[in-house]
Each structure stands twice: as structure tokens, then as C-alpha cells.
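Notes to accompany the following structure.
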Amino acid sequence: TLVNGSFEFGPAVGTYLPLNPGSTALNGWIVTRGQIDIVRYWQASNGERSIDLDGTPGRGGVKQSIRTLRGSTYQVRFAMAGNPEGLPTVKTMAVAAAGLLREFTFDVTGKTIRNMGWQIKTWTFTALDSVTTVEFYSLDAQPGLYGPALDDVSVVRVQ
């Protein structure tokens, strides 16, 4: 099963902590593509920490490999919001697993760091192998500082 889905375990974080591609400092996760930030200064969906998929700066991602049963269906569930402190207004991210990809968007209009407006998103995939890598990454058009926010990730077998 997926570990550290709320990003609570890892290095100490003051307000935020940038992590570069290849970093494994966030327990269970590997940073991909570009820089991300572990964030503590805004309202998290679960716990005290969440991820800004646009680092300082960057357009990054995180991935984790989990044990799966080939042919079984899995549901990915996560909380999505967006960094409300800058453009773009509509944040875009992707979730990828088992050769599939789905895009998700979040509009930060009217949101603040005290009221992030977290939304629960779900997506399913069918495992092709005994190990599947699940990746979340920013699709914001411009690499900036204010990206899609991610928290409370889980993956469960549904069939």
C-alpha cells in the first residue's frame, strides 16, 4: 500500500521546504520532473503538511511504487487544491499509473491560505504488473512558484 500519503513524514519544515528532482527525503516518495515544495504555512487537507507541485521555482512531481495484483483495479484518491498566492488561476496536474494518465484542474478564485478549498478527486487504473508506480505532477503551462497542491493520497484495490 501507499505510504506517507499526507506527507507528514520526512525532513523538518518551517514554512516550506523545496526538494529537487531525485530527492527521497519525503518518506516513501521520489521527487520527479522539477522542484516541489513541502508546505506548512497554508491549510492542509490532512495533517500539517501538503505539497505544492510547483517548487521554488519548478514544475515538479512525486511518485511512489506500490505492490499491485496484475489485472486488479485500483482507486487513487487524493485531495487537490492550488497555491492561491499567484498565477495561473486554474492549476493543472496529472496523475499517471499503469500507462494511463488523467488530468485534473483546480480554480483558486476566492481561495486563501486559510481556506484552500480542498477537493477530493478519484481515478481508477488497472494494474499491469506486480508493482505499479503512481505519479502526480504539475501541468501548469508556465513553470512558476504557485502550483497545484496535493495532500491525503491513498490507493486501494477495488476489484
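The values are calculated or read from the model by the stated rules, or taken from the named source; none is laboratory data. Keep in mind the model is a prediction, meaning the values are calculated, not measured. Because the Cβ atoms are built from the backbone with ideal geometry, glycine has one as well, and the counts that use them run over all protein chains shown. Keep in mind that these areas ignore ligands, DNA and RNA; they rest on the heavy atoms of the full protein, side chains included. Shrake-Rupley method; radii C 1.70, N 1.55, O 1.52, S 1.80 Å.
Are any of the residues in region 70-77 over 12 Å from the mean Cα position of the chain (by Cα), open to solvent by less than 60 Å² (accessible area, probe 1.4 Å) and closer than 13 Å to THR133 by Cα? Yes, region 70-77 has at least one match. Reported count of residues in region 119-148, each being surrounded by fewer than 21 Cβ atoms within 10 Å (Cβ to Cβ), over 18 Å from ARG59 (Cα atoms) and of a type outside the set (S, T, N, Q), is 7. All told, LYS111 falls short of being within 16 Å of the chain's Cα centre (by Cα), of a type in the set (Lys, Arg) and surrounded by 14 or more Cβ atoms within 10 Å (Cβ to Cβ).
The strands (runs of 3 or more DSSP E) found wholly in region 92-149 and carrying at least 3 residues that are closer than 14 Å to ILE51 by Cβ occupy 131-138.
Has region 78-86 got any residue that is assigned to a loop (DSSP other than H, G, I, E, B), within 13 Å of the chain's Cα centre (by Cα) and within 27 Å of PRO18 (Cβ to Cβ)? Yes, region 78-86 contains a residue that is assigned to a loop (DSSP other than H, G, I, E, B), within 13 Å of the chain's Cα centre (by Cα) and within 27 Å of PRO18 (Cβ to Cβ). Residues in region 14-27 that are assigned to a loop (DSSP other than H, G, I, E, B), touching a residue at least 12 places away in the same chain (Cβ under 8 Å) and surrounded by 18 or more Cβ atoms within 10 Å (Cβ to Cβ): LEU26 only. Report yes if some residue within region 98-112 is among the hydrophobic types (A, V, I, L, M, F, W, C), on the phi < 0 side of the Ramachandran plot and touching an Asp or Glu at 6+ places or on another chain (Cβ under 8 Å); otherwise report no. The answer is no, given that none of the residues of region 98-112 is among the hydrophobic types (A, V, I, L, M, F, W, C), on the phi < 0 side of the Ramachandran plot and touching an Asp or Glu at 6+ places or on another chain (Cβ under 8 Å).
If you go through region 78-88 and pick out every residue that is in contact with a strand residue (DSSP E or B) (Cβ under 6 Å, 6 or more places away or on another chain) and surrounded by fewer than 20 Cβ atoms within 10 Å (Cβ to Cβ), you end up with 0. Of all residue pairs spaced 6 or more apart or on separate chains, those with beta-carbon atoms under 7 Å, a first member in region 116-133 that is touching a residue at least 60 places away in the same chain (Cβ under 8 Å) and a second member that is of a type in the set (Phe, Trp, Tyr) are MET116/TRP42. Name the single residue, out of those in region 48-63 being open to solvent by 10 Å² or more (accessible area, probe 1.4 Å) and either touching a Lys or Arg at 6+ places or on another chain (Cβ under 7 Å) or outside any strand (DSSP E or B) (or both), that is nearest to VAL95 (Cα to Cα). In this case the residue turns out to be ARG59. For LEU100, indicate whether it is of a type in the set (A, V, I, L, M), in contact with a Phe, Trp or Tyr (Cβ under 7 Å, 6 or more places away or on another chain) and either at pLDDT below 95 or surrounded by fewer than 16 Cβ atoms within 10 Å (Cβ to Cβ) (or both). So LEU100 passes the test.
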